[in-house]
Amino acid sequence: MEPQQLIMPGRRSPRADAPNRPRIGIVKFASCDGCQLTLLDLEDELLAVAERVDLVEFAEATSRRSMGPFDVLFVEGSISTAEQVEEIVRLRAVSHRLITIGACATAGGIQAIRNWFELDEVRDTVYPGPTYVESLAQARPVSDFVAVDGELRGCPISPAQLREFLVSMVTGRRAQLPDEAVCLECKRRGVVCVAVADGIPCLGPVTRTGCGAICPAYGRGCYGCFGPRESANTASLAKWFSDSRSAVEVGRLFSGFTAWSEPFRATIDAHGGPPGQRADGSEPRDA
Amino acid sequence: MTGATCFLPRADLDRLFAALRADDRTILGPAVSDGAVIYDEVASPAELPTGWESDTEPGSYRLRETGSSRAFDYVLPVTSWKRYTHPAFVPLTRARRDGSQVEVEAVLDPPPRLAFVGVRACEIAALDIQERAMRAGPIGDADHAGRRDAALVVAMECAAATSTCFCTSMGTGPEVRQGADLIASELDEGFVIRSGSATGAAMLAGLDLEPADPAQVERAAAQVAAVRTRIGDPVAVEGLPERLRAALDSPRWEQVAERCLACANCTLVCPTCFCTSVGVASDLDGQEATTERHWDSCFSLGFGRVAGDANFRPKVKDRYRQWLTHKFSTWFDQFGSSGCVGCGRCVAWCPVGIDVREELAAIAPVEGPRGPIPWPPAPDAGHAPAALTVVAPARHVTTSVVAVTQETADTATLRLATSDAALLAARPGQFVMVELPAFAAPPISISGIRPDGLDLTIRSAGPATAAIVALGPGAQVALRGPLGRGWPLESAAGRDVVIVAGGVGLAPLRPVIEAVLADRARYGAVRLYLGARTPGDRLFAAEVAALAGRSDLEVAEIVDRAGPEWLGQVGIVTHLFDHATWNGDRVTAFVCGPERMMQATAAALTGRGVDPAAIWLTLERNMACGVGTCGHCQLGPFFVCRDGPVFSIAELGTAFGREGL
Ligand SMILES: Cc1cc2nc3c(=O)[nH]c(=O)nc-3n(C[C@H](O)[C@H](O)[C@H](O)COP(=O)(O)OP(=O)(O)OC[C@H]3O[C@@H](n4cnc5c(N)ncnc54)[C@H](O)[C@@H]3O)c2cc1C
Ligand code: SF4
Ligand code: SF4
Ligand code: SF4
Ligand code: SF4
Ligand code: FES
């Protein structure tokens with residue numbers, strides 16, 4: 001397990017009575033709120049966290065609003081409209097550290113699947129009155145627009161990782177957010193590998209750990225919610241999948257919440273793109 | 001200890017279970033779960049995988065129901081017994097930080113009393129091999145030792161084999177010869193069983209069984225002989241360690257890296273792999289903290305990472321090479337045996353079916369070269385502990401900061417007070433793990449040894465070191481150590497001493513200088529060559545100035561980049577002795593600095609005729625345990641923590657400076 005870079009070096013144990021509690025903001029763009037709400041999962045420790053940080057912006061739980069500046073700004077959601085681009089650029093300028101949370105902010109999210117298609121066509125399918133929808137052609141991760149200092153992956157993010165991150169912020173230690181494969185957690189838990197024992201395709205070997213290998217523990221293959229791990233060898237895994245599947249099926253396996261992040265994206269492209277109708281009405285090619 | 005072979009009727013298997021329970025043991029054995037046989041708690045023989053067989057191939061495992069009445073016809077489960085002797089998570093410490101007070105204590109839970117039922121021959125070998133690794137010392141692992149000692153082993157000889165088995169080649173099976181308390185073979189009507197230890201003999205006597213019929217013993221022998229025939233001899237092991245050593249630059253490493261996912265499954269299912277990392281958890285303020293160790297693997301990128309995001313094994317091909325060469329070659333250097341028992345788990349449970357047998361044949365072919373041996377054996381190679389005594393838990397000694405000297409913008413020397421005899425007996429070149437609750441413990445060299453304490457000179461390279469150098473007088477910090485082998489000062493007696501330091505590398509050399517000056521007459525000429533990035537990065541500036549004023553040693557300094565106030569030399573440290581007139585063959589050199597600088601220095605020194613066996617340097621690697629049990633710091637056959645960190649160039653051979661090792 002390898003810790004991720006620390007967020008606020010040297011800052012130690014700020015308490016409610018300390019003058020320098022870090023000013024924290026949580027904002028969202030195109031997403032479902034699931035990640036922000038993970039903060040509420042901290043239940044027992046939520047009050048203690050609130051004592052140690054100054055939560056100046058958190059739309060889900062408080063009515064407080066702030067224009068910044070923020071010591072740490074958590075950003076949820078992908079960037080999909082021109083206004084959102086302007087807003088994220090403004091927020092970056094007033095944030096000492098900007099941390100993206102969740103698959104949408106870090107990888108574009110499930111809505112990034114539309115990045116492979118013509119926008120109009122998606123709009124027509126999804127909304128009855130398409131004229132009201134102002135959208136960029138693509139749903140993109142925050143890091144495509146501004147510099148990001150750290151990220152919490154997952155769909156939704158893991159409460160344990162969020163806690164670890166907050167503790168690292170308060171204590172000044174390196175957050176332990178490993179970048180290794182899901183397989184390590186899977187084996188530590190003693191889960192029987194669904195790929196080897198059942199032939200179920202599993203993205204665990206190329207996906208970053210953090211979820212606790214939940215899907216394999218329930219007999220399902222990993223969907224890749226936490227996005228690519230370090231050294232993700234998707235080409236080899238896709239080749240192995242291809243032995244018993246068509247290219248379309250292999251492409252589909254990588255077309256989840258983090259489909260738009262490399263090298264998943266390249267692997268999907270190499271297999272004819274994600275599932276769905278093309279502009280010309282064709283299905284993805286079966287290479 | 002091996003008494004008569006008895007017969008245990010199938011219906012009486014529960015009597016064996018009862019005897020194990022009466023011995024206050026939890027019974028672990030095979031059971032079907034999630035489409036596979038795993039090892040788990042089994043309350044009664046009814047929970048055994050009766051009527052199940054399993055087939056494996058590279059990347060595939062399938063369970064098959066046969067309806068037979070036999071319970072042990074499956075081949076190896078994905079689980080290995082290491083889950084119980086070397087669990088995936090083991091608590092290490094509990095720590096408290098209250099204001100400036102720090103206390104760290106080792107956590108050592110009493111080992112559970114377990115009975116392993118159905119242990120195969122290769123697994124017995126694996127238990128022994130892993131135990132040797134965890135107890136090879138000089139400081140063994142107390143948790144592992146306790147668990148292993150408390151386990152009772154009931155072996156079951158194999159009656160079936162699968163395509164991934166190769167115990168025959170590795171010399172570990174399929175026959176069970178020793179290492180178990182009870183040794184059984186399953187026949188249709190029951191089990192022939194004999195004891196393999198005094199404990200087993202007593203237990204068997206308690207069961208009061210009839211002797212086995214010679215025909216039954218013969219059938220059992222025929223059964224396992226058939227397994228041997230079925231497996232054949234799939235791996236040519238003759239000269240394998242040497243063949244692999246000669247193949248470190250094989251193009252095949254690149255090719256296998258194209259397929260390898262670096263997912264670590266092979267190492268985690270391997271019954272002998274022992275590598276771990278340390279995790280830290282704490283309350284929100286870092287006042288109460290715990291550490292635990294968990295399974296890790298040389299396949300993870302983080303495994304070889306060091307400060308400044310440098311990494312000793314960045315590429316997957318480096319990591320695959322570490323795995324294969326460790327299992328089949330450097331394990332011999334380290335522990336005197338192969339690290340592979342031929343269980344085939346790594347082959348079956350690789351999600352893309354990479355087969356070590358195939359890779360070995362391609363990378364280190366039988367007809368391939370066998371030498372030259374790139375490194376001599378590790379200093380403590382193959383040292384099985386003389387006696388497997390109980391290993392003491394780790395010691396964490398609280399020390400107090402007496403004074404802090406800011407050396408440079410990012411480096412400070414902490415003067416620590418302690419009365420701990422072991423710490424005070426530290427030798428120059430040894431190091432300690434520095435423990436501040438809630439932080440990962442970094443390895444830090446001892447930069448001063450005094451009658452009442454130690455000095456540590458620490459560069460703020462990341463969060464943990466930043467927090468440590470920020471400590472003020474009166475603050476406490478815990479130390480674990482001293483660790484490692486120090487500088488061999490004795491070997492320099494009567495010879496000229498050359499000391500070459502780069503940057504913070506002067507820290508571990510400071511005690512050498514002090515020791516040499518304290519016994520000045522023992523040595524010939526003493527020369528100090530000190531390099532730093534800039535004049536502001538020079539350590540111990542006042543002390544060095546004082547040394548420069550002495551007539552009994554020579555001091556030369558150089559910086560990479562000068563400022564306006566710097567009148568000295570500019571360039572790399574080797575420039576300081578480019579034009580020196582001294583004679584290399586009388587010199588013993590002690591070198592420390594960044595790895596590149598040490599490579600250049602070693603080359604320059606050998607170029608001047610200094611014997612490689614007299615050029616000593618201290619290496620940096622990622623370290624988690626400091627005692628040879630976490631696997632992080634491996635460099636070819638060496639554990640840098642335990643066998644070093646001080647090595648001579650001659651000892652390291654071509655392992656020194658080799659990329660990705
Ligand atoms: C034998 C030895 C002696 C050393 N002596 C000194 C010395 O005297 N003075 C000095 O300033 N530095 C020394 N170092 C380097 C020092 O250990 C690292 O700079 C330190 O570990 C970095 O920690 P950090 O502050 O980045 O910790 P964090 O960023 O909080 O964590 C770093 C993480 O990396 C892991 N890690 C393990 N080994 C290393 C390593 N070698 N480098 C970086 N990370 C590592 C740790 O487990 C830790 O979890 C020595 C290293 C070794 C191996
Ligand atoms: S089930 Fe998936 S995550 Fe678990 S070990 Fe197998 S491939 Fe890896
Ligand atoms: S050899 Fe197989 S199991 Fe091992 S790391 Fe590579 S892909 Fe994973
Ligand atoms: S290397 Fe593979 S075959 Fe050998 S002991 Fe380990 S898991 Fe078994
Ligand atoms: S370094 Fe050796 S023991 Fe450790 S995981 Fe790798 S192969 Fe296994
Ligand atoms: S083996 Fe753990 S640090 Fe060397």
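The values are calculated or read from the model by the stated rules, or taken from the named source; none is laboratory data. Nothing here was measured: the structure is a model prediction, and the numbers come from that model. Here the Cβ is made from the backbone with ideal geometry for all residues, glycine too, and neighbour counts use every protein chain on show. Surface accessibility is based on the protein's heavy atoms, side chains included, excluding ligands, DNA and RNA. Shrake-Rupley method; radii C 1.70, N 1.55, O 1.52, S 1.80 Å.
General observations
- Residue match in region B:624-646 (condition: open to solvent by 10 Å² or more (accessible area, probe 1.4 Å), assigned to a loop (DSSP other than H, G, I, E, B) and among the aliphatic types (A, V, I, L, M)): yes
- Cβ-Cβ contacts under 8 Å between residues 6 or more apart (or on different chains), taken from a first residue in region B:611-637 that is within 16 Å of ligand 2 (Cβ to nearest atom) to a second residue that is open to solvent by less than 20 Å² (accessible area, probe 1.4 Å), are absent.
- Residue B:102 vs. criteria outside the structural domain of residue B:214 (by TED's automatic domain parsing) and of a type in the set (A, V, I, L, M): yes
- With respect to (1) assigned by TED's automatic domain parsing to the domain that holds residue A:256; (2) at pLDDT below 95; (3) not aliphatic (A, V, I, L, M), the lone exception for residue A:176 is condition (1).
- Subset of region B:463-507 (residues that are in contact with a Pro (Cβ under 8 Å, 6 or more places away or on another chain), in contact (Cβ under 8 Å) with a residue 12 or more places away in the chain and not in a strand (DSSP E or B)): B:463, B:464, B:465, B:468, B:484, B:486, B:487, B:489, B:503, B:505
- Single condition residue B:51 does not satisfy, out of (1) under 34 Å from the mean Cα position of the chain (by Cα); (2) closer than 22 Å to residue B:190 by Cβ; (3) among the small types (Gly, Ala, Ser): (1)
- Answer residue from region B:423-449, given it is open to solvent by 40 Å² or more (accessible area, probe 1.4 Å) and more than 17 Å from residue B:102 (Cα to Cα) and is nearest to the chain's Cα centre (by Cα) among those: B:443
- Taking region B:1-107 and the strands (runs of 3 or more DSSP E) fully enclosed by it, the elements with 2 or more residues that are surrounded by 15 or more Cβ atoms within 10 Å (Cβ to Cβ) and away from every other protein chain (no Cβ under 14 Å) are at B:6-9, B:26-33, B:89-98, B:101-106.
- Candidate set from region B:296-315 (those that are farther than 21 Å from residue B:461 by Cβ and touching a Phe, Trp or Tyr at 6+ places or on another chain (Cβ under 8 Å)); member that is surrounded by the fewest Cβ atoms within 10 Å (Cβ to Cβ): B:298
- Enumerated helices (runs of 4 or more DSSP H) restricted to region B:236-355, each holding at least 3 residues that are at the interface with another protein chain (Cβ under 10 Å from one of its Cβ atoms): B:252-259, B:265-269
- Picking from residues in region A:148-205 that are facing another protein chain (nearest Cβ under 10 Å) and basic (Lys, Arg), the one that is most open to solvent (accessible area, probe 1.4 Å) is A:189.
- Test for residue A:177: is it away from ligand 1 (no atom under 16 Å from the Cβ) and of a type outside the set (Lys, Arg): no
- Index of the failed condition, residue B:338 passing every other in (1) over 16 Å from the mean Cα position of the chain (by Cα); (2) within 16 Å of ligand 4 (Cβ to nearest atom); (3) open to solvent by 10 Å² or more (accessible area, probe 1.4 Å): (1)
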